[in-house]
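Contents: one structure, followed by commentary.
Bear in mind that the values in this text are calculations on the coordinates, not laboratory data. As the structure is a computational prediction, the values presented were derived from the model and not from experiment. Here the Cβ positions follow ideal geometry from the backbone for every residue, glycine too, while neighbour counts run over all protein chains shown.
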Amino acid sequence: MALIIGLAGGVGLAMLDERMATSLLGAPWFVDVVLMAMGIAVLALALQVHAYANTDPAKRPHAFINPQRAM
């Protein structure tokens with residue numbers, strides 16, 4: 001749901017930027033790509049932590065989360 005809202009907001013902002021004489025975006029397109037890649041990396045790591053936290057402590061494998069990778 002948040003992805004759809006963000007996409008609609010971005011498209012709306014881009015359309016508004018094209019109609020106005022001043023730039024509302026301000027950053028090059030590759031900044032958006034870098035931010036999206038960072039968001040995907042954080043999501044992947046957060047899903048691992050969530051799965052670990054919701055697992056019964058007796059059933060957790062010892063090497064489920066690598067401490068160096070988590071750091």
For MET1 and ALA51, extending 7 Å from Cα along the Cα-Cβ vector and measuring point to point gives, in nm, a value of 2.5
For the pair VAL42 and MET20, the simple spin-label estimate (label points 7 Å beyond Cα toward Cβ) gives in nm 2.5
